[in-house]
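**Student:** Here's a structure for you.
The values are calculated or read from the model by the stated rules, or taken from the named source; none is laboratory data. Since the model is a prediction, treat every value here as computed from it, not as a measurement. Cβ placement follows ideal geometry from the backbone for every residue including glycine, while neighbour counts extend to all protein chains displayed.
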Amino acid sequence: MNHLDRAGIEQRIPHRGSMCLLEKLESWDAQRIHCSTSTHLDAGNPLRTASGLMAPNAIEYAAQAMALHGGLTASAGQAPSAGYLASVRSVRFGVERLDRVDGAMQVHANRLSGDERQVLYEFSVLDATGRSLAQGRAVVVLNTPLASMESNNA
């Protein structure tokens, strides 16, 4: 399963409908994931405001790629760990707005370290030509009491 469409992605992350921002899983392995999407161009994007789809929303695109990566790397027969984005660091933006970016965005996440309680990823969101739109590092906290309560209520 190296490639998934939006329906396949929706089955593996907690986001549904228009809030599932990723459209295609391009590739993945135990350390990395690469997804693509054009949902940043959708006027109905749920993250869009009257000012447009601002660059900090790239963090949510990256977080969804991290969630998908966690689901794909879970042991066979084991449910993926519930997780929350705890912090982002060293974030740099190359644009002010994502809705002005032509073509599909490329969303990459690389797992740097982690255990059953937390995972550190570096991420990058690029335009179709490889120009950096956003990059940084993120800590995802897993299996917290809050995460367990939320997944039981879903």
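**Student:** Answer with yes or no whether residue 86 is surrounded by 18 or more Cβ atoms within 10 Å (Cβ to Cβ), over 20 Å from residue 3 (Cα atoms) and out of contact with any helix residue (DSSP H, G or I) (no Cβ under 7 Å at 6 or more places or on another chain).
**Tutor:** Judged against the criteria, residue 86 is not a match.
**Student:** While we're looking at this one, here's another question. Within the stretch 129-146, work out how many residues are modelled with pLDDT of 95 or more and in a loop (DSSP other than H, G, I, E, B).
**Tutor:** 3
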